[in-house]
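Trainee: Have a look at this one.
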Amino acid sequence: MMESLNLQEENAILLYFTSPDCNVCKVLIPKVREMLYTKFPLLKLHVVDIASNREIAGKFQIYTVPVILVYFEGREFIRKVRNFSISELEREIERPYKLLFH
């Protein structure tokens, strides 16, 4: 899945790192999807299960879940780990997203 993903070639990507036993992740992911759909439709979502993609988790230095990484033009702009709100995430995405797409 992620092996073919080239962060340098994509304008905007949100990587959502999760695991099968993460209950917070299960509650949070629908909210993240809805936020992207309504507010940031050009931001691509990629969900990564760290249990089955250990090498990818290591590459991005993911040691716990949930983790959200947001990349714009190949550069990491946002890293949210464990405790964060959707409104906080939305505020942080808004400015770079508008600069890139508007």
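Here, each number is a calculation from the coordinates, and none is a lab measurement. Bear in mind that the values here come from a model prediction, so they are computed numbers and not experimental data. Neighbour counts run over all protein chains shown; Cβ positions are idealised from the backbone, glycine included.
Trainee: Of all strands (runs of 3 or more DSSP E) completely enclosed by the chain, which ones contain at least 1 residues that are without any contact (Cβ under 8 Å) to a residue 12 or more places away in the chain?
Mentor: In the chain, the matching strands (runs of 3 or more DSSP E) lie at 75-81.
Trainee: Out of the residues in segment 56-89 meeting the condition of being touching a strand residue (DSSP E or B) at 6+ places or on another chain (Cβ under 9 Å) and of a type in the set (D, E, K, R), tell me which one is surrounded by the most Cβ atoms within 10 Å (Cβ to Cβ).
Mentor: Across segment 56-89, the extreme among qualifying residues is K80.
Trainee: Right, something else. Please enumerate the residues belonging to segment 26-40 that are exposed (fewer than 10 other Cβ atoms within 10 Å of the Cβ) and either closer than 17 Å to F101 by Cα or polar (S, T, N, Q) (or both).
Mentor: Result: T38, single match.
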